[in-house]
Amino acid sequence: MQYSAGIRHSAAALVAAAATVLMTGCGPADDGAVGVPPATPAASVPAAPTPTGGSPTGGGGASSTGGSGGTAPTPSASATGGGTRPCTAGEVKVSDAQQAAVRPPGTGTGAAILSVANASKHACTLTGYPTVAGAGNGSPEKNLPLAAAHSGTASTVTLAPGARAWTKLTFVNVQGEADGYCVSGATPAAFPTLVIGVPGAGSHQIAMTDGVFAECDDKVTVSAFSADKPS
């Protein structure tokens, strides 16, 4: 009877052991052994490329500054209006006139030369021809403009401080002695002073260094302002 009880206990132990083995074979660690496929890994997504010429966030970079250098160029002096400017009325001094060596035949003034000097402390430019009028004895409204013909080609003269530009006035000359006469039959005119208009630099009253301005027909030929002194 004791042996039968032992056999029953042994059989029961074997059954319990078998059951444990069966239960262990169905555990989570053996999912692959019973045909359950493993989880499929997610597909890898490539990183977005970084934009060329700027930061990935779109701020800064060459496109935001308008140039590859990142800093806008400084305007040149020529783009902002720099350089030598025209002379003004307060910057020039017109000399009295002196009789020219080369002049039309006659007994009147014939021709005279004068200069415009830069009296400022910086360079300035002068371009063109003077205007000429007989001064009206202190009354500008009585000035007598002379009809001016132009001689030579006008070009810009750059005057350093103290430098001069020259012009020559050639008149229809008075003929004969004493009061003289005009070939045209007109009455000669004499002016103690002339009013010279300088392009862009105002009007200036001048005299002759010796004598008065005597002319016929109220006409004058004026040369373009030049750095070269005429004869």
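The values are calculated or read from the model by the stated rules, or taken from the named source; none is laboratory data. None of the values given here were measured: they were computed from a predicted structure. All Cβ positions, even for glycine, are placed from backbone atoms using ideal geometry, and neighbour counts span all protein chains on display. To get the accessible areas, we keep the full protein, side chains included, count just its heavy atoms, and leave off ligands, DNA and RNA. Shrake-Rupley method; radii C 1.70, N 1.55, O 1.52, S 1.80 Å.
Can you work out which of the residues in region 112-150 that are among the aliphatic types (A, V, I, L, M), buried (at least 17 other Cβ atoms within 10 Å of the Cβ) and not in a strand (DSSP E or B) is modelled with the lowest pLDDT?
Step one: of region 112-150, the residues among the aliphatic types (A, V, I, L, M) are 112-114, 116-117, 119, 123, 126, 132-133, 135, 144, 146-149.
After this cut, where a residue has to be buried (at least 17 other Cβ atoms within 10 Å of the Cβ) as well, the list is 112-114, 116-117, 126, 132-133, 135, 146, 148.
Those still in the list that are not in a strand (DSSP E or B) too: 135, 146.
Numbers: A135: 93, L146: 97.
Step by step, filter region 112-150, then rank; the result is A135.
Got a number for residues in region 174-218 being outside any loop (DSSP other than H, G, I, E, B), open to solvent by 60 Å² or more (accessible area, probe 1.4 Å) and within 17 Å of A97 (Cα to Cα)?
The total comes to 3.
List every residue pair whose Cβ atoms lie under 9 Å apart, where the two residues are 6 or more positions apart in sequence or sit on different chains, the first residue falls within region 75-101 and is surrounded by 13 or more Cβ atoms within 10 Å (Cβ to Cβ), and the second residue, located anywhere, is modelled with pLDDT under 95 and acidic (D, E).
Hits for this filter: Q98/D210; Q99/D210.
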